[in-house]
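Here's the structure, in structure tokens; my notes come after.
A short reminder: the numbers here are calculations on the coordinates, not readings from a lab. Note that the coordinates shown come from a computational prediction; the quantities given were computed from them, not determined experimentally. Positions of Cβ are backbone-derived with ideal geometry, glycine not excepted, and every protein chain shown enters the neighbour counts.
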């Protein structure tokens with residue numbers, strides 16, 4: 001491996017770690033917003049809490065999926081047409 005490949009692999013590892021960490025963070029904050037109906041020091045109406053919390057949960061799950069998908073091994077794609 002040359003230095004460019006090492007730098008590229010490090011950036012991929014950093015992105016995967018950030019995706020998983022931020023995904024967990026967003027999902028947990030979303031659950032807290034839905035449960036407590038507050039966002040920071042602001043009390044929010046229930047419908048706003050449900051919308052905001054569910055959007056944060058969905059966004060967190062999407063980031064978790066992207067991070068986990070990058071970790072799992074990819075199947076090689078066969079481009080030959082053997083029909």
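Axis of helix 46-71 versus longest Cα principal axis of the chain: the two differ by about 20°, to the nearest ten degrees.
Suppose R0 equals 25 Å; then what is the FRET efficiency for residue 24 and residue 74 from their Cβ-Cβ distance, rounded to the nearest 0.05?
With a Förster radius of 25 Å, E is 0.60.
Each Cα pair under 8 Å and six or more residues apart adds its separation to the average, and for the range 3-71 the resulting relative contact order is 44 percent.
Taking the longest Cα principal axis of the chain as reference, the axis of helix 3-36 is set at about 20 degrees. How far is it, in nm, from the label point at residue 54 to the one at residue 66 when both lie 7 Å from their Cα along the line to the Cβ? So the label points at residue 54 and residue 66 sit 2.2 nm apart.
According to the calculation over all Cα-Cα pairs in the range 1-54, the P(r) per 5 Å bin from zero is 4, 20, 17, 12, 9, 9, 8, 7, 6, 4, 2, 0 %. The distance between label points at residue 8 and residue 37 comes to 5.3 nm (points 7 Å beyond Cα on the Cα→Cβ vector).
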